[in-house]
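Peer 1: Can you keep this structure in mind? I'll have questions shortly.
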Amino acid sequence: MSAIETTYRDAIRQALLDAMEEDENVILIGEEVGLYGGAYGVTKGLIDLYSANRVIDAPISEAGIVGTAVGAAMTGLRPVAELMYVDFIGLVMDQLANQAAKSRYMFGGQIAVPMVLRTQGGTGRSAAAQHSQSLEAWMLHTPGLRLAMPATVNDAYHLLRDALRQPDPVVFIEHKGLYTMKGTLDPETPDAGWGTPVIRRDGKDLTIVTYSRMLHEAMRAADTMAEAGIDAEVIDLRCLNPLDEAAIFASVQRTGRAMIVTEAATAGSAASEIAARIGESCFDWLEEPVVRIGGEDIPIPVSPSLEKGSIPSAQLIAEAGLWLMRKETPAWA
Amino acid sequence: MTTNTAPLSRYRTMRRIRSFEERVGELFLRGESAGSMLHLSIGEEAVVGVTDAMQKGDTFTTHHRGHGVFLGRGADPARMMAEIGGKASGYCRGKGGSMHIASHALGHLGANAIVGGGIPHVVGAGLTYRNRGTRQVSVAFFGDGAMQQGILYEAMNMAALWKLPVLFVCLNNQYGMGTRVDRSAGRLAFGERAESFGLAAAHGDGTDVEQVHDVASQLVVGARDGRPGFLEIDSFRFYGHARMDKSPYRTPEEEEEGRKRDPVLKARERIIAEGLATEDEATEIDTDAAEEMDAALESAVTAAPPALDTMFEDVFAPGTPAPRPQRDRLRAILSEDAA
Ligand SMILES: Cc1ncc(C[n+]2csc(CCOP(=O)(O)OP(=O)(O)O)c2C)c(N)n1
Ligand SMILES: [Mg+2]
């Protein structure tokens, strides 16, 4: 199949479809994944192509859904459980963190749980405090969980296909603000392998490390910085676990400056973890402090203006870039 | 013998709910709502039979489709509408929105966007009232979808075990999003589930607010004496799950049949038939409700959005240092470094 123009949503759907076509053990289980076609339309029509034994509409019983997926994975199926919003992860955290993530280890390597938990997060729809969060740090803090967060159409497809080849549980977090984004899907050619970051923009002055929707904000910021003569490198992590530190360090050691941009609340975030690792390993190369630019440490408010104001903007990222380069004092400083 | 005018008052409340929800739809169409996650309770107005059986001081939690319940407990529609628009004058200062509306003063302990999330809170409230001997009751309102959430069963068991003044009310509108209730439960006898935990269970006819009021009153009286109860009210969700949902999973016939089960029209016919109001008087109630809700809508549209830095308020109690804004943190790094 040659490259096509499609959306992030349809790329994910295509990945599910191709995986189901290839392996009859792949099943989908979740709320509204069948007849309704998924709360965000990702699984539209799949129930018509495959039986209701493989595309399973589940009751609103998140803990049960994930627990069922764990058991199915232990015994030979390849479940893709869907959690409608990452915000509901609290309901399934025992099954995910105590059961799925630890089985291989606790049972001395005998029992694997090769399942994928697909979910989506992020702001942008005034969906308020329980439907807008970015909770990837909770997964990152749990040994035994793999974690992928695609930012592009091609990655939406390939990272999900890769996730379904992993021998361990993978949490796959989509961004609700990206579903309608258009882009090129080349089913033959991934941008990189599983766990390998991609440099989305080359630059020599400073390194921006990011993932998921913030990639696009960072790219816009890099354009703005370019107008001020700053050459920013933008790294899209794609996978947070496994995390390929070497690629990040190589870039930071070239530029001497690092900024980590995420949408999640900043305290205890993935950005904090990455900043710490850069600080530990690139200390001698750093010209400036490693800077985190993340979401405010607040629940997400419903008011559209407050919601927007609570996460990083391209403008804030660009201003911080100017400062890091000592180009000019930003308005807020 | 004096006439019982309560059905008239309940009709008025139901009509106000209907009018309010129609204006919420309008707020969305005008692009003035905070988002599209607006779940209308049109078709479920017989819940007024329950809210009317509660007393001042009783508390409650609701699910995401809770506008009607809150209006039934005396909410100010203008402040509700403002909250739904994400405005500073809303019940929650524009932080919560439709799915997270609350009013401590009116006993609303919170609407919830986690299916089942608010259910156990009434058990806790029941504990408070039992220990303090205040004879208050706490009522959880939730949908049929929540019947499949484990937390409900933990909560029911604890309420029964500790004999708490609690009532669980399942507003069964036949659907959880696109899933009809018979596609989400192996057996539909929800009342029997509750009975098996030791709760008093009853069934309400969602087209008949007076019947709902009768059974709810008995359950509330029992709950006040430490006999927790469960009430399932059957109704039909007239429109889509939320504003963007056109219900493609239902046939036009099903929708047409379902909308014939209109509790507001039935209550209206009843008050006229029983001589509580003339046709003209009923129309006047309808017009008053429409005007009240038009005004609520307009006031919400013109209300000011919250100031940006209010986003840092209420994360913790007043007097506690607020979370540090990103800009301030970056500024601190800058000035320190520049020094
Ligand atoms: C824990 C959780 N799971 C799933 C959802 C997504 N969701 C929101 S409302 C809803 C359906 C709820 O159905 P029901 O309880 O019957 O209430 P109704 O919308 O019919 O009033 C679902 C699945 C959610 N908000 N919370
Ligand atoms: Mg329902």
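The values are calculated or read from the model by the stated rules, or taken from the named source; none is laboratory data. Please read these numbers as outputs of a predicted model, since none were measured by experiment. In this analysis, Cβ positions are derived from the backbone assuming ideal geometry, glycine residues included, and neighbour counts consider all displayed protein chains. The protein model used for the area step is the full one, side chains on, heavy atoms only, and it has no ligands, DNA or RNA in it. Shrake-Rupley method; radii C 1.70, N 1.55, O 1.52, S 1.80 Å.
Peer 1: Amide H neighbours of A:Gly30 under 5 Å, counting only residues 5+ apart in sequence or on other chains, H built in-plane at 1.01 Å?
Peer 2: A:Ile56, A:Ala58, A:Glu82
Peer 1: In units of 2.2 N^0.38 Å, what is the alpha-carbon radius of gyration of the stretch A:198-323?
Peer 2: Rounded to two decimals, the normalised Rg is 1.00.
Peer 1: Please report, for the Cα atoms of the stretch B:211-251, the Rg to one decimal and the Dmax as a whole number; what are they, in angstrom?
Peer 2: So, for the stretch B:211-251, Rg and Dmax equal 16.4, 46 Å respectively.
Peer 1: Counting only other chains, what is the mean number of Cβ atoms within 10 angstrom of the Cβ of each residue in peptide A:291-298?
Peer 2: Per residue, the number of nearby Cβ atoms from other chains is 5 on average.
Peer 1: Sequence gap at least 6, Cα distance under 8 Å: using those rules, report the relative contact order of chain B to the nearest whole percent. Don't skip to the answer; put the middle values down first.
Peer 2: Details: 632 pairs, mean separation 76.2, N = 339.
Relative contact order comes out at 22 percent.
Peer 1: Counting only protein heavy atoms and a 1.4 Å probe, tell me what percentage of the protein assembly as shown's accessible area is made up of carbon and sulfur.
Peer 2: Values: 13580 of 25980 Å².
Whole-percent figure for carbon plus sulfur exposure: 52.
Peer 1: Can you grab the distance from the C-alpha centre of the stretch B:93-134 to the C-alpha centre of the stretch A:7-23, Å, no decimals?
Peer 2: Computed from Cα coordinates, the inter-centre distance equals 41 Å.
Peer 1: So if each residue of separation counts as 0.36 nm, and I subtract the Cα-Cα distance between A:Lys204 and A:Arg220, what length gain in nm does that give?
Peer 2: So the chain would gain 4.1 nm between A:Lys204 and A:Arg220.
Peer 1: Any idea of the total accessible area buried by the B-A contact, 1.4 Å probe, rounded to 100 Å²?
Peer 2: Looking at B and A, the buried total is near 3900 Å².
Peer 1: Here's something else I'd like to know. Taking chain A as a Gaussian network, where each spring joins two C-alpha atoms under 10 Å apart, which residue of A:Gln14, A:Gln110, A:Gln95 fluctuates the most?
Peer 2: A:Gln110
Peer 1: A further question follows. Would you mind computing, in nm to one decimal, how far apart the modelled labels at B:Lys246 and B:Glu192 are, each placed 7 Å from Cα along Cα→Cβ?
Peer 2: 4.0
Peer 1: Can I ask one more? Just to verify a number: FRET efficiency for A:Asp284 and A:Tyr105, C-beta to C-beta distance, R0 = 30 Å, to 0.05?
Peer 2: Computed FRET efficiency for A:Asp284 and A:Tyr105 comes out at 0.25.
Peer 1: Expected output is a single nm value to one decimal: the length gained when fully extending between B:Thr302 and B:Thr5, i.e. 0.36 nm times separation in residues minus the C-alpha distance. What is it?
Peer 2: So the chain would gain 103.3 nm between B:Thr302 and B:Thr5.
Peer 1: Among B:Lys246/B:Lys266; A:Lys182/B:Lys87; A:Lys44/A:Lys176; A:Lys44/B:Lys95; B:Lys56/B:Lys87, which pairs are too far apart, with a Cα-Cα distance over 24 Å?
Peer 2: Numbers: B:Lys246/B:Lys266 26 Å; A:Lys182/B:Lys87 33 Å; A:Lys44/A:Lys176 16 Å; A:Lys44/B:Lys95 33 Å; B:Lys56/B:Lys87 28 Å.
Table pairs above 24 Å Cα-Cα are B:Lys246/B:Lys266; A:Lys182/B:Lys87; A:Lys44/B:Lys95; B:Lys56/B:Lys87.
Peer 1: What's the Cα-based Rg to Rh of the stretch B:83-123, Rh via Kirkwood?
Peer 2: Rounded to two decimals, Rg over Rh is 1.01.
Peer 1: Would you mind getting me the FRET efficiency between B:Arg135 and B:Trp162? Use the beta-carbon distance for r and R0 = 22 Å, nearest 0.05.
Peer 2: Calculated transfer efficiency: 0.85.
Peer 1: In the calculated pair distance distribution of the stretch B:6-338, what percentage of Cα-Cα distances lie above 37 Å?
Peer 2: 19
Peer 1: Just how far, in whole angstrom, is the stretch A:65-136 from the stretch B:311-331 if you go by their alpha carbon centroids?
Peer 2: 32
Peer 1: For Cα pairs less than 8 Å apart in space and 6+ apart in sequence, what is the mean separation divided by the residue count of the stretch A:223-333, i.e. the relative contact order in percent?
Peer 2: The value is 27 percent.
Peer 1: Same structure, new question: Please provide three numbers in whole Å: the alpha-carbon extents of chain A along the principal axes, with the largest listed first.
Peer 2: Dimensions of chain A along the principal axes of its Cα atoms: 61, 43, 42 Å.
Peer 1: Moving to a separate point now. Most fluctuating residue of B:Ile42, B:Ile84, B:Ile272 in a GNM of chain B with Cα springs under 10 Å: which is it?
Peer 2: B:Ile272
Peer 1: Can you show me the helix-derived [θ] at 222 nm for chain A, built from DSSP H runs with n ≥ 4 at -39,500 (n - 2.57) apiece and divided by the number of residues, rounded to the nearest 500.
Peer 2: It comes out at -9500 deg cm²/dmol, rounded to the nearest 500.
Peer 1: Then there's this: If amide hydrogens are placed 1.01 Å from N in the peptide plane, which non-local residues have theirs closer than 5 Å to the one on A:Arg201?
Peer 2: Close amide H contacts, sequence-distant or interchain: A:Val234.
Peer 1: Just the accessible area per residue of the stretch B:211-339, please: how many Å² with a 1.4 Å probe?
Peer 2: In whole numbers, the stretch B:211-339 has 54 Å² accessible per residue.
Peer 1: Put a dot 7 Å past each Cα toward the Cβ at A:Arg165 and A:Gln253; how far apart are the dots in nm?
Peer 2: 2.9
Peer 1: Just to verify a number: FRET efficiency for B:Asp225 and B:Asp182, C-beta to C-beta distance, R0 = 35 Å, to 0.05?
Peer 2: After rounding to 0.05, the efficiency reads 0.50.
Peer 1: Using a simple spin-label model with points 7 Å from Cα along the Cα→Cβ vector, what separation in nm is obtained for B:Ala317 and A:Glu24?
Peer 2: Reported label-point gap for B:Ala317 and A:Glu24 is 6.2 nm.
Peer 1: Okay, moving on. What angle, in degrees between 0 and 90 and rounded to the nearest 10, separates the Cα long axis of helix A:314-324 from the longest principal axis of the Cα atoms of chain A?
Peer 2: Roughly 40 degrees between the two axes.
Peer 1: Another question, then. Summarise the long-distance tail of P(r) for the protein assembly as shown by giving the % of C-alpha pairs beyond 41 Å.
Peer 2: In whole percent, the share of Cα-Cα pairs in the protein assembly as shown beyond 41 Å is 33.
Peer 1: Let me ask something else. Which value, in Å², gives the accessible area per residue of chain A when a 1.4 Å probe is used on the protein heavy atoms?
Peer 2: 36
Peer 1: Compute the whole-percent fraction of alpha carbon pairs in the stretch A:4-185 spaced more than 30 Å apart. Spell out each step's value before the answer.
Peer 2: On the way: 1692 of 16471 pairs.
For the stretch A:4-185, the share of Cα pairs beyond 30 Å comes to 10 percent.
Peer 1: Starting from the residue with the highest accessible area, list A:Asp236, A:Asp223, B:Asp205 in decreasing order, probe 1.4 Å.
Peer 2: Largest to smallest exposure gives the sequence A:Asp223, B:Asp205, A:Asp236.
Peer 1: Taking a virtual spin label 7 Å from the Cα of A:Glu227 along the C-beta vector, which residues in the stretch A:309-329 bring their backbone nitrogen under 17 Å of it?
Peer 2: Answer for the stretch A:309-329: A:313-323, A:327-329.
Peer 1: OK, next. Sequence-distant or interchain residues sharing an amide H contact under 5 Å with A:Asp231, placed H: which?
Peer 2: Residues meeting the criterion, in which the H sits 1.01 Å from N, are A:Lys204, A:Asp205, A:Leu206.
Peer 1: Now, a different point. Kindly tabulate the residues in the stretch A:86-128 with an accessible-area decrease of at least 40 Å² between the chain alone and the assembly of all protein chains, using a probe of 1.4 Å.
Peer 2: A:Arg125
Peer 1: Along the charge dipole of chain B, Cβ charges K/R +1 and D/E -1, which of B:Ala332, B:Gln149, B:Ile114 sits furthest on the positive end?
Peer 2: About the Cα centre, the residue reaching furthest to the positive side is B:Ala332.
Peer 1: Express in nm, to one decimal, how much length is gained between A:Thr180 and A:Ile4 on full extension, taking 0.36 nm for each residue of separation and deducting their alpha carbon distance.
Peer 2: 61.8 nm
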